[in-house]
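Peer 1: Here it is, the structure, as structure tokens.
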Amino acid sequence: MKSPRPMDAEAAITVTPIVVADLHVEGEVMPVCVHVIDHPDGRVLVDTGMTELHPAVVAAFEPRLYPLSEQDFDVAGIDIVVNTHLHADHCGGNHLFAGRPIYVQRRELDDARREEGYTIREWADAPDLRYVAIDGELELLPGIRLVPAPGHTPGSQVVVVETGGRPDVICGDTAVWFGELDEPLTEGQRLIRALDPEKVWLAHVREPWRSTPPTPKTTGDFES
Ligand SMILES: [Zn+2]
């Protein structure tokens with residue numbers, strides 16, 4: 001769903017998850033989420049999911065797809081794309097954003113292009129993609145930082161979003177499930193915890209991870 005674009009410079013930066021596929025893994029349904037960041041200076045999309053089936057993906061995951069291009073989603077309204085990494089379920093919609101800047105760590109781009117079986121090559125290198133390969137940390141827009149987070153892949157990055165209090169982190173697959181943030185093991189997972197985030201948005205869990213679970217209220221109102 002398209003969320004309203006903030007109109008004034010004071011407007012908060014917001015993160016909205018969108019489910020673009022369901023994968024079937026060992027009898028469980030695993031969503032594929034992408035995330036839209038609404039920023040006063042533009043709309044940023046983090047990862048692009050998948051838009052079509054591919055034999056390699058079908059065999060492994062029996063995916064059910066809800067491509068961005070077939071949802072009530074303003075593809076043309078995205079100004080900047082970020083890939084946390086280039087596994088097939090994170091870059092399969094990149095072709096929808098041909099010509100727009102797609103930020104990825106150079107290490108990740110090199111690995112995806114060089115290593116056999118790393119990704120679906122024709123998705124990662126679809127025609128007319130305009131990758132911006134970066135080395136290390138980058139301030140994408142004021143309050144939005146790209147930070148290398150090795151672990152899931154050596155070239156993975158996370159997106160750190162200043163939303164007012166403690167930051168939100170969009171983590172790709174740096175953590176695939178909550179336990180990997182509860183007890184961080186990789187460099188990337190430890191880095192996320194060191195940021196003391198309010199919320200961490202994972203690619204394969206609909207709800208964000210929180211370091212301190214909200215206290216249930218007795219009123220039935222679970223807003224926190
Ligand atoms: Zn991955």
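Peer 1: Which members of segment 1-58 meet the condition of being modelled with pLDDT of 95 or more and among the small types (Gly, Ala, Ser)?
Peer 2: Residues satisfying the conditions are 21, 42, 49.
Peer 1: Further, regarding this structure: Of (1) assigned to a loop (DSSP other than H, G, I, E, B); (2) of a type in the set (S, T, N, Q); (3) in contact with a strand residue (DSSP E or B) (Cβ under 6 Å, 6 or more places away or on another chain), residue 16 satisfies all except one. Which?
Peer 2: Tallying (1) assigned to a loop (DSSP other than H, G, I, E, B); (2) of a type in the set (S, T, N, Q); (3) in contact with a strand residue (DSSP E or B) (Cβ under 6 Å, 6 or more places away or on another chain), residue 16 fails exactly one: (1).
Residue-by-condition table, conditions (1) within 16 Å of the ligand (Cβ to nearest atom); (2) small (Gly, Ala, Ser):
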site	(1), (2)
155	yes, yes
158	yes, no
177	yes, no
194	no, yes
206	no, no
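Peer 1: For segment 163-186, which residues satisfy the criterion of being charged (D, E, K, R), in contact with a strand residue (DSSP E or B) (Cβ under 9 Å, 6 or more places away or on another chain) and surrounded by fewer than 16 Cβ atoms within 10 Å (Cβ to Cβ)?
Peer 2: Listed by number, the residues that qualify are 166, 182.
Peer 1: Look at segment 72-91 and say how many of its residues are near the ligand (Cβ under 9 Å from one of its atoms), within 18 Å of residue 205 (Cα to Cα) and in a loop (DSSP other than H, G, I, E, B).
Peer 2: Result for segment 72-91: 3.
Peer 1: Which ones in segment 26-52 are more than 20 Å from residue 86 (Cβ to Cβ) and surrounded by fewer than 16 Cβ atoms within 10 Å (Cβ to Cβ)?
Peer 2: The answer is 26, 27, 28, 29, 41, 42.
The values are calculated or read from the model by the stated rules, or taken from the named source; none is laboratory data. Here the structure is a predicted model, which is why all the values come from computation and not from measurement. Positions of Cβ are generated from backbone atoms using ideal geometry, with glycine treated the same way; all protein chains shown enter the neighbour counts.
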